[in-house]
Every structure is written in C-alpha cells, then in structure tokens.
Amino acid sequence: MHTLSKYCRIEHTAAKEGSFYFNPYRDVLWLSTDFTEYLQQLTQCYGEQLNGIKTLLVGEARWDETTPAEFTSSYLEPFGGLKVILLLLYTDDEDGYEGTEDGEDADGENGGGVGGLGSDKGEIKAGELYARADKFKAEYAEFLEHHNRPAKSFRCVDCSSTFY
C-alpha cells in the first residue's frame with residue numbers, strides 16, 4: 001500500500017520482469033550513452049507511461065553532439081511530462097570527455113592545485129566544468145525562448161552530484 005501511495009508502476013507491455021516502480025517526483029530516469037539505439041523499443045514497451053517521467057539525466061557527450069532543438073525533437077518526444085533535464089558533465093577521460101589540450105581548464109590555466117577535481121590523470125578542474133555548464137545552460141535558455149517544450153528546468157551536474 002505504501003509503495004503504491006508514493007510510486008507508480010511502469011509496466012512493460014511484453015515482459016513482466018521489465019516492469020518497475022517509479023516515483024515521478026523523486027526518481028530520475030538516466031538515458032545512458034547508448035539510449036538512442038533503444039529509444040524506439042523503450043517507447044514501444046512503455047508507451048504513454050513515459051509521460052509520467054518528470055526528470056531525465058542525459059550524458060554530456062550525447063547532448064553535445066546536437067543542438068538542444070535537435071536533441072529534444074529526436075529523443076525527448078516520448079517524455080511528454082518532462083519538467084527537468086539534468087546534464088551529466090563528464091569529469092575525466094574515462095567518462096568520454098577529452099577536455100582541453102594539455103590539461104588546461106576553461107581559463108587556459110594548467111590543472112592541479114586548489115579547485116581541481118583530482119590529479120594529473122586527465123581529470124577536469126571545477127572552473128572548466130562551470131564554463132561548460134554555463135555554455136550548455138545558455139544554449140538551452142536560448143532554445144526555450146522559441147519553444148515551450150520539453151522541460152523548463154535545465155541543470156548541469158557531475159558524477160559526485162555537484163551542480164554547476
């Protein structure tokens with residue numbers, strides 16, 4: 001009873017084990033890097049239920065390949081109830097982000113020291129993350145001036161849940 005008072009059941013149309021419980025006000029659906037390959041199948045299996053998803057987490061690499069208009073029209077149509085887009089900023093080379101040349105941050109300074117996010121292993125400084133986040137937020141704000149959908153809130157976050 002408690003679960004059903006807080007969560008809605010998202011039912012898979014073909015496989016019972018593909019069903020799950022989701023709280024649209026607290027939970028976040030993460031569209032991983034390969035989600036575009038499965039978007040049609042996701043839409044077929046969950047259909048209109050996807051309109052109940054309020055918050056999506058999208059990886060920076062996939063978002064940065066297109067414009068906000070192209071991304072939303074190509075990938076976010078199934079999520080009619082979307083309120084928030086969280087953009088996952090990559091913080092090291094293993095995440096798929098290559099960073100700037102020679103370890104420079106967005107201000108052209110070399111990494112390390114205070115404010116960095118780690119050692120010399122290709123990790124990115126906080127200043128560069130703020131600069132990238134500002135770029136993405138400005139692009140999305142411009143997009144919203146001409147479009148009503150898909151989400152009014154656009155935020156950037158890293159893997160440690162730090163918002164930029």
Select from region 27-43 the residues that are surrounded by 11 or more Cβ atoms within 10 Å (Cβ to Cβ) and of a type outside the set (Gly, Ala, Ser) and list them in ascending order.
Asp27, Val28, Leu29, Trp30, Leu31, Thr33, Phe35, Thr36, Tyr38, Leu39, Leu42, Thr43
Taking the conditions exactly as written (assigned to a strand (DSSP E or B), over 16 Å from Glu139 (Cβ atoms), out of contact with any His (no Cβ under 6 Å at 6 or more places or on another chain) and not aromatic (Phe, Trp, Tyr)), does Leu42 satisfy them or not?
no
Name the pairs: first residue in region 13-40 and farther than 14 Å from Leu56 by Cβ and modelled with pLDDT of 90 or more, second residue in a helix (DSSP H, G or I) and aromatic (Phe, Trp, Tyr), Cβ to Cβ under 9 Å, at least 6 apart or on different chains?
Thr13/Tyr46; Gly18/Tyr46
Selection from region 54-69 of residues more than 13 Å from Thr36 (Cα to Cα) and either touching a Cys at 6+ places or on another chain (Cβ under 8 Å) or acidic (Asp, Glu) (or both) yields Glu60, Asp64
Could you look through region 131-161, keep only residues that are touching a Leu at 6+ places or on another chain (Cβ under 8 Å) and surrounded by fewer than 16 Cβ atoms within 10 Å (Cβ to Cβ), and pick out the one that is modelled with the highest pLDDT?
Cys159
Subset of region 10-26, residues under 16 Å from Gly81 (Cα atoms), exposed (fewer than 14 other Cβ atoms within 10 Å of the Cβ) and out of contact with any Cys (no Cβ under 8 Å at 6 or more places or on another chain), comes to Tyr25, Arg26
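The values are calculated or read from the model by the stated rules, or taken from the named source; none is laboratory data. Fair warning: this is a prediction, and the values are worked out from it, not measured in the lab. With ideal geometry, Cβ positions are generated from the backbone for all residues, glycine too; neighbour counts draw on all protein chains shown.
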